[in-house]
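Coordinate-derived values only; no laboratory data. Note that the structure is predicted; figures quoted are calculated from it, not measured. Virtual Cβ from ideal backbone geometry, glycine too; neighbours counted across all protein chains shown.
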Amino acid sequence: MKYKRILLKISGEALQNREKALNHDPEIMAMLAAQFKTMLEMGAEIAVVVGGGNIFRGLAGSQSGTNRTTGDYMGMLATVINSLAIQNALENEGIDTRVMTAITMRAIAEPFIRRKAVRHLEKGRVVIFGAGTGNPYFTTDSAAALRASEINADVLMKATKVDGIYTADPVKDPNATKFETITYQDALNKQLKVMDAAAFSLCMENDIPIVVFDFFKENGMVDVLTGVESGTRVTHA
């Protein structure tokens with residue numbers, strides 16, 4: 001393994017199948033669980049931060065009349081729903097998990113306590129962090145960078161629908177070129193939209209490399225773990 005302790009940031013949209021009107025596609029959840037099982041057997045320690053965009057996105061809600069703060073809290077609750085869905089998929093494969101939330105909801109999850117989270121990871125449990133940072137106006141990308149820093153993750157794996165960071169959206173611009181590597185500062189200067197500026201800055205301050213990769217590539221997460229990277233690596237140099 002190239003990395004021991006990883007934090008996976010996955011969007012809520014990655015879990016859904018719009019054609020079948022499913023917020024949580026069973027095939028995608030099974031694929032996620034299968035790769036986690038492989039990585040755990042290799043000795044990896046895995047934490048997850050999941051978005052809520054497949055259910056509700058606070059910023060989009062504010063554009064349709066929902067108060068921004070209220071909308072962001074609604075989005076945080078959506079991430080908890082996704083966290084429980086991931087937990088269920090993993091436990092169906094015999095993987096021990098814990099969901100920890102930034103907003104206390106003891107009936108369904110543990111409150112986030114850093115020492116407990118680290119201990120769960122050391123015991124081989126997958127820790128799923130829900131409810132973002134617990135504060136409005138912060139994205140789940142920022143939550144991922146924050147949790148990665150708190151648990152001393154070796155890498156932040158950012159799952160996307162493309163195989164890395166490009167100069168422009170490769171879906172819209174056929175002339176877009178891919179970065180194999182890029183520095184945090186260049187990513188900030190170029191205002192690349194793959195993650196928000198706060199997330200890039202926090203990883204830069206704590207020297208946590210970011211690997212942006214294609215979530216739907218077969219064994220994509222395992223490839224990042226073992227250093228067979230087809231994505232883009234963001235570091236100091």
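Things to note:
- Unit Cα scatterers, Debye sum, segment 5-235: log10 I(q)/I(0) for q = 0.07, 0.13 Å⁻¹: -0.20, -0.74
- The count of lysine pairs in the chain that are at least 8 places apart or cross chains, and whose C-alpha atoms lie under 13 Å apart, stands at 4.
- Using the rule -39500 (n - 2.57) for each DSSP H run of four or more residues, divided by the residues of the chain, the 222 nm mean residue ellipticity is -11500 deg cm²/dmol.
- Prolate/oblate/rounded label for segment 15-126 (Cα gyration tensor, a/c 1.5): oblate
- Scattering curve values for segment 107-237, log₁₀ I(q)/I(0), Debye with Cα scatterers, q = 0.10, 0.19 Å⁻¹: -0.34, -1.16
- Ranked Arg125, Arg114, criterion: other C-beta atoms within 10 Å, fewest first: Arg114, Arg125
- All other residues whose Cβ lies under 10 angstrom from that of Glu13 are scored, Lys and Arg at +1 and Asp and Glu at -1, for a net of +3.
- Neighbourhood net charge (12 Å Cβ-Cβ; Lys/Arg +1, Asp/Glu -1) for Ala144: 0
- Cα gyration tensor category, rounded, prolate or oblate, for segment 1-71 with a/c compared to 1.5: oblate
- Considering only alpha-carbon pairs that sit under 8 angstrom and 6 or more positions apart, the relative contact order computed for the chain is 22 percent.
- Cα centroid of segment 63-108 to Cα centroid of segment 158-235, whole Å: 25
- Met74 sits among other residues whose Cβ lies under 13 Å from its own Cβ, and their net charge, with Lys and Arg +1 and Asp and Glu -1, is +1.
- GNM result for the chain, Cα springs below 10 Å: residue of Ala47, Ala78, Ala168 fluctuating most strongly: Ala168
- Order of Thr235, Thr79 - criterion: other Cβ atoms within 10 Å of each residue's Cβ, fewest first: Thr235, Thr79
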